[in-house]
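To start, the structure under review is shown below, and the notes come after it.
The values are calculated or read from the model by the stated rules, or taken from the named source; none is laboratory data. This structure is a prediction, so every number in the text was calculated from the model and none was measured. Positions of Cβ are generated from backbone atoms using ideal geometry, with glycine treated the same way; all protein chains shown enter the neighbour counts.
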Amino acid sequence: MAAKSEDTPGQKLFAAFAGALLGLALLKFGNPVIFDRLIDRPDGFWEMVFQPWPIAWGYFMLVILALLGGIVIQRPVCLHHSSSNEPFLRTEAFRPLQRSTPESAQKQPEGCGPHGFRFMGRVHGSETKEASREPASAPSQEGNLQHRSDTKLPSSEGLGVGSRAASPNGRAPRWLLALPLAWFIWQLIAGLSTVDPTLTRTTLLHFAACVLWFYLGVFVLSPLRSSNLFWVPLMLAFAIVLWVGFEQHHGGLEATRRYFYEQPDWQKYPPDYLKRIASDRIFSTLVYPNALAGAILMCGPAALACTWNLTRRLPRLSRSVATGLVGYMALACLYWSGSKAGWLIALVLGVVAMISLPIPRWTKFAVGLAICLGGLGAFAIKFTSYFQKGATSVAARFDYWRAAVTIVRENPILGTGPGTFSVNYAKIKPPEAEMAKLVHNDYLEQATDSGLAGLALYLALVFGHLQFLYRKRILRIRDITFPVWLGLFAWGLQSFVEFPLYIPGLAWLAFALLGWLSGLSGLAKLNAFDTEARVG
């Protein structure tokens with residue numbers, strides 16, 4: 001039986017629901033999960049629209065999504081025929097070409113066989129053309145989901161992979177796919193000796209949701225033939241995040257501030273909230289400005305790719321204007337957020353993207369150097385007064401990190417329990433130091449909360465996947481896979497100075513996209529229902 005040429009209605013419903021839920025998380029679940037007890041249930045329509053929601057609502061919707069995913073789950077992406085006018089948001093790494101061969105020669109065994117391929121886009125080289133090769137003299141054994149990893153493509157020029165390429169279901173280390181589950185199991189073990197069961201319970205529920213998103217990405221999102229229904233609602237939500245940021249910058253923050261100070265008991269609010277209200281830094285729908293910067297860095301590259309690809313029917317000038325507008329809004333909100341780390345990470349992304357473009361080496365060097373010099377020069381001008389005042393937020397972070405190292409030395413095996421840094425920090429912090437609920441470094445947070453093993457597992461989870469995906473060269477400049485990887489790379493970098501792992505709106509999206517890319521790479525060779533398939 002030939003492979004299906006399009007997604008089932010159930011898959012389409014799942015894609016739309018998943019994209020909408022992740023977009024909703026950006027809008028409504030932008031507070032650290034350990035602060036969930038401070039969030040009141042919205043009362044009335046307008047509070048539903050403008051106020052954050054309790055995280056329990058997100059868990060309920062995620063359970064429904066997971067049940068739907070369990071119904072529509074299929075075997076990982078297999079190869080199928082496609083027309084030349086398919087949108088670039090298709091997510092398969094390879095696609096067979098129609099060939100003028102006898103009908104009998106075009107038949108494929110169930111599960112897809114190793115026939116000709118078209119590779120789309122740019123990956124560390126020049127743009128590839130549609131190419132085909134002669135059918136293999138003998139198909140692989142029936143039911144085999146794996147295309148031979150040593151199959152030679154007709155032309156390797158511009159692919160950056162030599163004469164070999166991995167198929168969507170090619171060989172890959174199983175341990176990498178199992179890392180999120182291993183990390184979560186260790187969190188459960190560390191939670192047994194927690195110093196604050198309430199904080200740990202809240203954090204573990206959030207971590208369970210993150211791991212669930214990862215495996216939904218691997219087994220349900222990655223087999224989709226078209227990801228448009230997933231990306232459109234997600235990018236619409238991101239557009240709302242940018243629009244709210246613009247509104248805050250152009251008078252919204254000032255109006256909110258005036259209204260807030262008119263309240264009779266405004267002094268009773270937490271110090272962090274009072275500080276945020278007094279600042280001119282925008283934060284949109286997230287907890288504070290640096291979290292907004294994290295959302296922009298993670299979603300911005302994908303938003304540019306989505307805008308360019310979804311406007312493909314428009315004239316090139318119109319496409320350029322639409323894409324440029326999205327880029328301007330993202331960069332403007334990043335600038336208005338005042339995030340120093342966000343600025344520097346954006347420069348790193350620009351250099352990495354430039355290195356990956358299929359252009360001459362000297363051009364890469366010249367443009368990359370211009371990005372670095374221009375960006376660092378503007379950074380120095382923008383934040384000169386901040387550093388002259390002593391860079392208080394940097395000094396505060398060093399206080400948190402020194403305390404974290406002390407806690408790890410005292411609890412190197414199991415830590416103090418997931419989400420409990422604040423309990424120990426309150427006991428050992430210097431009297432003049434600022435209080436903090438989180439370390440402002442996800443990796444150190446893992447070490448304090450779940451010991452050195454938790455740190456090692458989380459580092460391997462994040463950078464193991466990022467390195468594997470980049471090395472495997474499944475990423476393509478012309479479609480959305482490389483921009484998604486760039487966003488995840490930014491998320492991994494920001495985790496050194498912030499706490500995106502503990503913000504559901506950011507963490508859920510990161511784990512889902514990491515799982516999606518991992519599924520495309522061939523990490524998910526078999527799903528639970530492919531018991532008869534054999535992968536040599």
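List of remarks:
- Residues that are surrounded by fewer than 21 Cβ atoms within 10 Å (Cβ to Cβ) and under 14 Å from Gly415 (Cα atoms), drawn from region 183-210: Leu188, Ile189, Leu192, Ser193, Val195, Asp196, Pro197
- Subset of region 409-468 [aliphatic (A, V, I, L, M), part of a helix (DSSP H, G or I) and over 20 Å from Val195 (Cα atoms)]: Ala456, Leu457, Leu459, Ala460, Leu461, Val462, Leu466
- Candidates Ala403, Ala380, filtered to the one that is of a type outside the set (S, T, N, Q), without any contact (Cβ under 8 Å) to a residue 12 or more places away in the chain and assigned to a helix (DSSP H, G or I): Ala380
- From the options Leu24, Leu65, residue that is in contact with a helix residue (DSSP H, G or I) (Cβ under 6 Å, 6 or more places away or on another chain), at pLDDT 95 or above, closer than 28 Å to Thr200 by Cα and in a helix (DSSP H, G or I): Leu65
- Checking Tyr386 against (1) in contact (Cβ under 8 Å) with a residue 24 or more places away in the chain; (2) in a helix (DSSP H, G or I); (3) more than 30 Å from Asp449 (Cβ to Cβ); (4) under 28 Å from the mean Cα position of the chain (by Cα), the condition it does not meet: (4)
- Top-ranked residue of region 298-331 - restricted to ones that are surrounded by fewer than 18 Cβ atoms within 10 Å (Cβ to Cβ) and hydroxyl-bearing (Ser, Thr, Tyr), ranked as farthest from Ala512 (Cα to Cα): Ser318
- In region 349-370, the residues that are hydroxyl-bearing (Ser, Thr, Tyr) form Cβ pairs under 7 Å with partners that are assigned to a helix (DSSP H, G or I), at six or more places apart or across chains, as follows: Ser356/Phe482.
- With respect to the conditions (1) assigned to a helix (DSSP H, G or I); (2) within 30 Å of Glu445 (Cα to Cα), Val244 lacks only one, and its number is (2).
- Residue match in region 486-496 (condition: of a type in the set (S, T, N, Q), assigned to a loop (DSSP other than H, G, I, E, B), over 29 Å from Ser521 (Cα atoms) and in contact with a helix residue (DSSP H, G or I) (Cβ under 6 Å, 6 or more places away or on another chain)): no
- Condition broken by Leu236, with the remaining ones in (1) in a helix (DSSP H, G or I); (2) touching a helix residue (DSSP H, G or I) at 6+ places or on another chain (Cβ under 6 Å); (3) closer than 16 Å to Leu22 by Cβ satisfied: (2)
- Residues of region 354-377 that turn out to be of a type in the set (Val, Ile, Thr), more than 22 Å from Ala341 (Cα to Cα) and either assigned to a helix (DSSP H, G or I) or in contact with a Cys (Cβ under 7 Å, 6 or more places away or on another chain) (or both), as a count: 1
- Being surrounded by fewer than 21 Cβ atoms within 10 Å (Cβ to Cβ) and either out of contact with any Ser or Thr (no Cβ under 7 Å at 6 or more places or on another chain) or hydrophobic (A, V, I, L, M, F, W, C) (or both) is a property that Val49 has.
- Among the residues examined, Ala305 does not qualify as at pLDDT below 95, part of a helix (DSSP H, G or I) and closer than 30 Å to Phe387 by Cα.
- Residues that are more than 16 Å from the chain's Cα centre (by Cα), crowded, with 20+ Cβ neighbours inside 10 Å and within 21 Å of Ala293 (Cα to Cα) within region 211-239 are absent altogether.
- Among residues of region 498-519 that are more than 15 Å from Val484 (Cβ to Cβ) and surrounded by fewer than 24 Cβ atoms within 10 Å (Cβ to Cβ), none has a beta-carbon under 8 Å from a residue that is at pLDDT below 95 and not small (Gly, Ala, Ser) at least six positions away or on a different chain.
- Comparison of Glu434, Glu445 shows that the only residue that is closer than 20 Å to Ser393 by Cβ, surrounded by 21 or more Cβ atoms within 10 Å (Cβ to Cβ) and not hydrophobic (A, V, I, L, M, F, W, C) is Glu445.
- The single residue among Ala370, Ala404, Ala380 that is exposed (fewer than 12 other Cβ atoms within 10 Å of the Cβ), of a type in the set (A, V, I, L, M) and more than 23 Å from Arg276 (Cβ to Cβ) turns out to be Ala380.
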